[in-house]
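Student: Structure in C-alpha coordinates, see below.
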Amino acid sequence: MLCISEIITITFKPCHSSCYPQTNMLDFVFAVDDAVTWHMMNLLKNRSHYSFLKFFGPKKISNIQRYGAGIYYNTLVPCNGRMIKYGVISTDALIEDLFHWKTLYAAGRLQKPVKILAQNENSRLQAALVSNLKSAVTAAFLMLPESFSEEDLYMQIAGLSYSGDFRMIIGEDKSKVQNIVKPNVAHFQKLYSTILQDCPQVVYKHHLGRLEIDKSPEGQFAQLMALPKTLQQKITALVNPPGKNRDVEEILLQVAHDPDCGIVVHQGISGIVRSSSVVQSAKTILTAGAKKSVTYSLKKLYKMTKGGLKKTS
(Lines give C-alpha, C1' and ligand atoms only; values in the text may rest on other atoms or scores of the structure.)
Protein backbone atom coordinates (compact mmCIF):
# COMPACT_ATOMS: atom_id res chain seq x y z
CA MET A 1 0.00 0.00 0.00
CA LEU A 2 2.76 2.44 0.96
CA CYS A 3 5.16 2.60 -2.01
CA ILE A 4 7.87 2.21 0.63
CA SER A 5 10.27 -0.58 1.58
CA GLU A 6 8.72 -2.92 4.13
CA ILE A 7 11.68 -3.50 6.46
CA ILE A 8 9.87 -2.07 9.47
CA THR A 9 9.57 -2.79 13.17
CA ILE A 10 6.67 -0.45 13.88
CA THR A 11 4.72 2.11 11.89
CA PHE A 12 2.20 4.58 13.10
CA LYS A 13 -0.08 7.30 11.79
CA PRO A 14 -2.65 9.57 13.46
CA CYS A 15 -5.82 7.61 14.00
CA HIS A 16 -7.75 10.85 13.70
CA SER A 17 -6.70 11.30 10.07
CA SER A 18 -10.10 10.05 8.97
CA CYS A 19 -11.59 13.18 10.55
CA TYR A 20 -9.75 15.34 8.04
CA PRO A 21 -10.28 15.91 4.33
CA GLN A 22 -8.67 13.62 1.78
CA THR A 23 -6.39 16.54 0.86
CA ASN A 24 -4.61 16.37 4.24
CA MET A 25 -1.19 14.76 4.24
CA LEU A 26 -0.89 11.40 6.01
CA ASP A 27 2.03 11.01 8.39
CA PHE A 28 3.89 7.70 8.77
CA VAL A 29 6.90 6.77 10.87
CA PHE A 30 9.00 3.63 10.38
CA ALA A 31 11.20 2.24 13.15
CA VAL A 32 13.95 0.13 11.58
CA ASP A 33 16.66 -2.00 13.10
CA ASP A 34 19.25 -1.13 10.43
CA ALA A 35 18.83 2.39 9.02
CA VAL A 36 21.68 2.12 6.49
CA THR A 37 20.17 -1.01 4.89
CA TRP A 38 16.68 0.51 4.95
CA HIS A 39 17.79 3.70 3.17
CA MET A 40 19.89 1.68 0.70
CA MET A 41 16.85 -0.38 -0.33
CA ASN A 42 14.51 2.61 -0.31
CA LEU A 43 16.92 4.59 -2.53
CA LEU A 44 16.76 1.74 -5.05
CA LYS A 45 12.94 1.66 -4.99
CA ASN A 46 12.03 5.29 -4.31
CA ARG A 47 15.01 7.50 -5.16
CA SER A 48 12.73 10.41 -6.14
CA HIS A 49 11.46 10.67 -2.56
CA TYR A 50 14.84 12.02 -1.41
CA SER A 51 16.36 15.48 -1.73
CA PHE A 52 19.86 16.13 -3.10
CA LEU A 53 21.15 14.06 -0.15
CA LYS A 54 20.48 10.92 -2.20
CA PHE A 55 23.74 11.63 -4.00
CA PHE A 56 25.66 11.13 -0.74
CA GLY A 57 24.37 7.57 -0.27
CA PRO A 58 22.61 5.64 2.52
CA LYS A 59 25.41 5.88 5.08
CA LYS A 60 25.50 9.67 4.98
CA ILE A 61 21.70 9.83 5.09
CA SER A 62 21.73 7.59 8.17
CA ASN A 63 24.30 9.85 9.84
CA ILE A 64 22.11 12.91 9.19
CA GLN A 65 19.13 10.96 10.57
CA ARG A 66 20.80 10.80 13.99
CA TYR A 67 20.71 14.58 14.51
CA GLY A 68 17.85 16.37 16.25
CA ALA A 69 15.06 13.94 17.04
CA GLY A 70 16.78 11.03 15.28
CA ILE A 71 14.19 10.93 12.48
CA TYR A 72 14.81 11.34 8.76
CA TYR A 73 11.73 12.65 6.93
CA ASN A 74 10.76 12.46 3.28
CA THR A 75 7.80 14.75 2.75
CA LEU A 76 5.24 15.64 0.06
CA VAL A 77 5.41 12.14 -1.44
CA PRO A 78 2.49 11.19 -3.75
CA CYS A 79 1.15 7.73 -2.91
CA ASN A 80 -2.13 6.04 -3.88
CA GLY A 81 -3.79 9.34 -4.70
CA ARG A 82 -2.73 10.99 -1.42
CA MET A 83 0.17 13.11 -0.28
CA ILE A 84 2.15 11.48 2.53
CA LYS A 85 5.27 12.17 4.53
CA TYR A 86 7.23 9.41 6.20
CA GLY A 87 9.94 9.42 8.79
CA VAL A 88 12.56 6.79 9.55
CA ILE A 89 13.97 6.27 13.03
CA SER A 90 16.19 3.51 14.38
CA THR A 91 14.48 1.13 16.81
CA ASP A 92 17.15 1.87 19.44
CA ALA A 93 16.61 5.65 19.14
CA LEU A 94 12.85 5.17 19.41
CA ILE A 95 13.16 3.03 22.54
CA GLU A 96 15.57 5.54 24.09
CA ASP A 97 13.11 8.40 23.52
CA LEU A 98 10.16 6.39 24.83
CA PHE A 99 11.94 5.47 28.06
CA HIS A 100 13.93 8.64 28.75
CA TRP A 101 12.31 11.47 26.70
CA LYS A 102 15.66 12.42 25.23
CA THR A 103 13.92 14.55 22.58
CA LEU A 104 10.21 13.88 23.28
CA TYR A 105 9.65 13.87 19.51
CA ALA A 106 8.79 10.27 18.70
CA ALA A 107 7.64 9.71 22.30
CA GLY A 108 5.29 12.68 22.02
CA ARG A 109 3.65 11.28 18.90
CA LEU A 110 3.10 7.95 20.61
CA GLN A 111 1.40 9.60 23.58
CA LYS A 112 -1.50 10.30 21.24
CA PRO A 113 -3.80 7.70 19.64
CA VAL A 114 -2.06 6.26 16.58
CA LYS A 115 -2.59 3.34 14.24
CA ILE A 116 0.15 0.72 14.48
CA LEU A 117 0.26 -0.93 11.07
CA ALA A 118 2.95 -3.55 11.77
CA GLN A 119 5.06 -4.47 14.76
CA ASN A 120 7.68 -7.17 15.17
CA GLU A 121 8.04 -9.11 18.41
CA ASN A 122 10.24 -6.88 20.55
CA SER A 123 9.62 -7.02 24.31
CA ARG A 124 11.88 -4.04 25.00
CA LEU A 125 9.97 -1.88 22.51
CA GLN A 126 6.64 -3.00 23.99
CA ALA A 127 7.83 -2.12 27.50
CA ALA A 128 9.03 1.27 26.23
CA LEU A 129 5.64 2.03 24.66
CA VAL A 130 3.86 1.35 27.97
CA SER A 131 6.48 3.29 29.95
CA ASN A 132 5.99 6.32 27.71
CA LEU A 133 2.22 6.37 28.31
CA LYS A 134 2.72 6.10 32.09
CA SER A 135 5.26 8.93 31.99
CA ALA A 136 2.83 11.12 30.02
CA VAL A 137 0.13 10.56 32.65
CA THR A 138 2.57 11.31 35.50
CA ALA A 139 3.82 14.55 33.91
CA ALA A 140 0.24 15.66 33.21
CA PHE A 141 -0.79 14.95 36.83
CA LEU A 142 1.95 17.25 38.08
CA MET A 143 0.68 20.14 35.92
CA LEU A 144 -3.03 19.69 36.66
CA PRO A 145 -5.05 20.73 39.74
CA GLU A 146 -6.34 18.29 42.35
CA SER A 147 -9.57 17.62 40.43
CA PHE A 148 -10.00 17.70 36.66
CA SER A 149 -11.92 16.18 33.76
CA GLU A 150 -10.71 13.39 31.50
CA GLU A 151 -10.63 15.84 28.63
CA ASP A 152 -8.39 18.17 30.68
CA LEU A 153 -6.00 15.25 31.18
CA TYR A 154 -5.92 14.35 27.49
CA MET A 155 -5.43 18.00 26.50
CA GLN A 156 -2.47 18.17 28.88
CA ILE A 157 -0.99 14.92 27.52
CA ALA A 158 -1.50 15.88 23.87
CA GLY A 159 0.18 19.22 24.52
CA LEU A 160 3.35 17.81 26.10
CA SER A 161 5.28 17.46 22.86
CA TYR A 162 4.29 20.97 21.71
CA SER A 163 5.52 22.73 24.88
CA GLY A 164 8.45 24.90 23.90
CA ASP A 165 8.15 24.04 20.19
CA PHE A 166 8.96 27.27 18.33
CA ARG A 167 6.68 26.13 15.49
CA MET A 168 3.67 26.72 17.77
CA ILE A 169 4.54 30.43 17.62
CA ILE A 170 4.70 30.50 13.84
CA GLY A 171 3.86 27.59 11.57
CA GLU A 172 1.29 25.57 13.52
CA ASP A 173 -2.44 25.96 14.09
CA LYS A 174 -2.89 27.27 17.65
CA SER A 175 -5.90 24.94 18.02
CA LYS A 176 -3.82 21.89 17.11
CA VAL A 177 -4.00 20.21 20.52
CA GLN A 178 -7.75 20.79 20.79
CA ASN A 179 -8.23 19.46 17.24
CA ILE A 180 -6.38 16.28 18.20
CA VAL A 181 -8.26 15.65 21.45
CA LYS A 182 -11.87 16.73 20.77
CA PRO A 183 -12.66 14.17 18.01
CA ASN A 184 -10.64 11.43 19.72
CA VAL A 185 -11.66 11.32 23.38
CA ALA A 186 -12.81 7.70 23.00
CA HIS A 187 -9.42 6.76 21.48
CA PHE A 188 -7.58 8.49 24.34
CA GLN A 189 -9.76 6.59 26.83
CA LYS A 190 -8.87 3.30 25.18
CA LEU A 191 -5.18 4.20 25.30
CA TYR A 192 -5.05 5.36 28.92
CA SER A 193 -7.97 3.79 30.85
CA THR A 194 -5.99 0.76 32.12
CA ILE A 195 -3.13 2.97 33.33
CA LEU A 196 -5.56 5.30 35.13
CA GLN A 197 -7.44 2.42 36.74
CA ASP A 198 -4.20 0.84 37.98
CA CYS A 199 -2.68 4.09 39.29
CA PRO A 200 -2.82 4.17 43.14
CA GLN A 201 -2.49 7.98 43.31
CA VAL A 202 -5.64 8.83 41.35
CA VAL A 203 -9.35 8.37 41.94
CA TYR A 204 -10.75 7.68 38.47
CA LYS A 205 -14.50 8.35 38.34
CA HIS A 206 -14.97 6.88 34.89
CA HIS A 207 -18.77 7.25 34.87
CA LEU A 208 -18.43 10.99 35.58
CA GLY A 209 -15.41 11.51 33.37
CA ARG A 210 -13.48 13.07 36.25
CA LEU A 211 -10.30 12.35 38.18
CA GLU A 212 -8.83 13.36 41.54
CA ILE A 213 -5.09 13.23 42.15
CA ASP A 214 -2.93 13.30 45.29
CA LYS A 215 -1.35 16.78 45.33
CA SER A 216 0.41 16.40 48.68
CA PRO A 217 4.21 16.93 48.68
CA GLU A 218 4.59 13.18 49.25
CA GLY A 219 2.36 12.40 46.27
CA GLN A 220 4.15 14.89 44.03
CA PHE A 221 7.55 13.59 45.10
CA ALA A 222 6.56 10.05 44.09
CA GLN A 223 5.41 11.39 40.71
CA LEU A 224 8.60 13.41 40.19
CA MET A 225 10.72 10.35 40.96
CA ALA A 226 8.78 8.39 38.32
CA LEU A 227 9.46 10.92 35.53
CA PRO A 228 11.81 10.04 32.63
CA LYS A 229 15.51 10.61 33.26
CA THR A 230 15.97 13.53 30.84
CA LEU A 231 13.06 15.47 32.35
CA GLN A 232 14.42 14.93 35.87
CA GLN A 233 17.78 16.30 34.68
CA LYS A 234 16.12 19.36 33.13
CA ILE A 235 14.17 20.06 36.34
CA THR A 236 17.35 19.64 38.39
CA ALA A 237 19.21 22.12 36.17
CA LEU A 238 16.38 24.66 36.55
CA VAL A 239 16.21 24.46 40.35
CA ASN A 240 19.77 23.73 41.47
CA PRO A 241 21.86 26.93 41.76
CA PRO A 242 25.28 26.88 40.04
CA GLY A 243 28.04 25.57 42.30
CA LYS A 244 25.74 23.49 44.50
CA ASN A 245 26.28 19.75 44.27
CA ARG A 246 23.00 18.18 45.41
CA ASP A 247 21.66 14.84 44.25
CA VAL A 248 18.56 14.53 42.08
CA GLU A 249 16.40 13.06 44.86
CA GLU A 250 17.09 16.02 47.17
CA ILE A 251 16.25 18.54 44.47
CA LEU A 252 13.04 16.76 43.43
CA LEU A 253 11.96 16.66 47.09
CA GLN A 254 12.36 20.45 47.15
CA VAL A 255 10.32 20.79 43.95
CA ALA A 256 7.58 18.55 45.39
CA HIS A 257 7.06 21.08 48.22
CA ASP A 258 7.07 24.06 45.82
CA PRO A 259 3.62 25.56 45.05
CA ASP A 260 4.93 26.14 41.51
CA CYS A 261 5.87 22.46 41.03
CA GLY A 262 3.70 22.15 37.90
CA ILE A 263 5.30 25.23 36.34
CA VAL A 264 8.80 23.82 36.92
CA VAL A 265 7.78 20.53 35.28
CA HIS A 266 6.34 22.44 32.31
CA GLN A 267 9.57 24.43 31.96
CA GLY A 268 11.58 21.21 31.99
CA ILE A 269 9.44 19.69 29.24
CA SER A 270 9.67 22.90 27.20
CA GLY A 271 13.46 22.77 27.45
CA ILE A 272 13.56 19.26 25.99
CA VAL A 273 11.16 20.03 23.14
CA ARG A 274 12.69 23.41 22.26
CA SER A 275 16.18 22.12 21.49
CA SER A 276 15.07 19.04 19.56
CA SER A 277 12.43 20.90 17.51
CA VAL A 278 14.91 23.56 16.38
CA VAL A 279 17.49 21.02 15.18
CA GLN A 280 14.85 18.76 13.61
CA SER A 281 13.29 21.68 11.70
CA ALA A 282 16.69 22.86 10.46
CA LYS A 283 17.43 19.31 9.33
CA THR A 284 14.17 19.22 7.36
CA ILE A 285 15.55 21.87 4.99
CA LEU A 286 18.25 19.36 4.04
CA THR A 287 16.11 16.22 3.96
CA ALA A 288 13.17 17.75 2.09
CA GLY A 289 15.13 20.11 -0.14
CA ALA A 290 14.51 23.84 -0.63
CA LYS A 291 11.42 23.59 -2.87
CA LYS A 292 9.56 21.05 -0.71
CA SER A 293 10.54 22.90 2.48
CA VAL A 294 9.01 26.14 1.18
CA THR A 295 5.87 24.34 -0.03
CA TYR A 296 5.48 22.49 3.28
CA SER A 297 6.05 25.66 5.34
CA LEU A 298 3.47 27.58 3.30
CA LYS A 299 0.92 24.80 3.90
CA LYS A 300 1.60 25.01 7.63
CA LEU A 301 1.24 28.80 7.64
CA TYR A 302 -2.03 28.52 5.71
CA LYS A 303 -3.41 26.05 8.27
CA MET A 304 -2.27 28.30 11.12
CA THR A 305 -3.95 31.35 9.57
CA LYS A 306 -7.09 29.37 8.81
CA GLY A 307 -7.27 28.13 12.40
CA GLY A 308 -6.80 31.68 13.70
CA LEU A 309 -9.59 33.00 11.51
CA LYS A 310 -11.97 30.28 12.75
CA LYS A 311 -11.30 31.30 16.37
CA THR A 312 -11.98 34.99 15.71
CA SER A 313 -15.12 34.42 13.61
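Student: Please compute the per residue accessible area over segment 188-273 with all protein chains in place, 1.4 Å probe, rounded to a whole number of Å².
Tutor: Dividing the accessible area of segment 188-273 by its residue count gives 54 Å².
Student: Sticking with the crude label model, points 7 Å out along Cα→Cβ, report the distance from D34 to L117 in nm, one decimal please.
Tutor: Here the modelled spin labels are 2.2 nm apart.
Student: Could you state the accessible area per residue of segment 39-98 in Å², with a 1.4 Å probe and every protein chain left in place?
Tutor: Accessible surface, normalised per residue, equals 45 Å².
Student: With each label point set 7 Å from Cα along the Cα-Cβ vector, what nm distance links S48 and D258?
Tutor: About 5.4 nm, to one decimal.
Student: May I ask for the net charge around A107, where only other residues with Cβ less than 13 Å from the Cβ of A107 are counted and Lys, Arg are +1 while Asp, Glu are -1?
Tutor: Here the count lands on +3.
Student: Continuing with the same structure: So if each residue of separation counts as 0.36 nm, and I subtract the Cα-Cα distance between V279 and Q189, what length gain in nm does that give?
Tutor: Gain on stretching V279 to Q189: 29.1 nm.
Student: At R0 = 30 Å, how high is the FRET efficiency between M225 and E146 if r is their beta carbon distance? Nearest 0.05 is fine.
Tutor: On the way: r = 20 Å, r/R0 = 0.66.
Here the calculated transfer efficiency is 0.95.
Student: Please label the shape of segment 69-192 as rounded, prolate or oblate, based on the square roots a ≥ b ≥ c of the eigenvalues of the alpha-carbon gyration tensor (a/c under 1.5 means rounded; beyond that, a/b larger than b/c means prolate, else oblate).
Tutor: Note, shape of segment 69-192 comes out oblate.
Student: Share of segment 89-235's accessible area from carbon and sulfur, percent, 1.4 Å? It would help to have the intermediate numbers written out before the result.
Tutor: Details: 3400 of 6490 Å².
Carbon plus sulfur share of accessible area: 52 percent.
Student: Now for a different question. On full extension of the chain, what length is gained from K244 through H206, given 0.36 nm per residue of separation minus the C-alpha to C-alpha distance?
Tutor: Details: separation 38, 0.36 × 38 = 13.68 nm, distance 4.50 nm.
Going from the current span to full extension adds 9.2 nm.
The values are calculated or read from the model by the stated rules, or taken from the named source; none is laboratory data. Please read these numbers as outputs of a predicted model, since none were measured by experiment. Don't worry about glycine lacking a Cβ; one is built from the backbone with ideal geometry, like all the others, and counts go over all protein chains shown. For the accessible areas, the whole protein counts, side chains as well, though only heavy atoms, and no ligand, DNA or RNA atoms are used. Shrake-Rupley method; radii C 1.70, N 1.55, O 1.52, S 1.80 Å.
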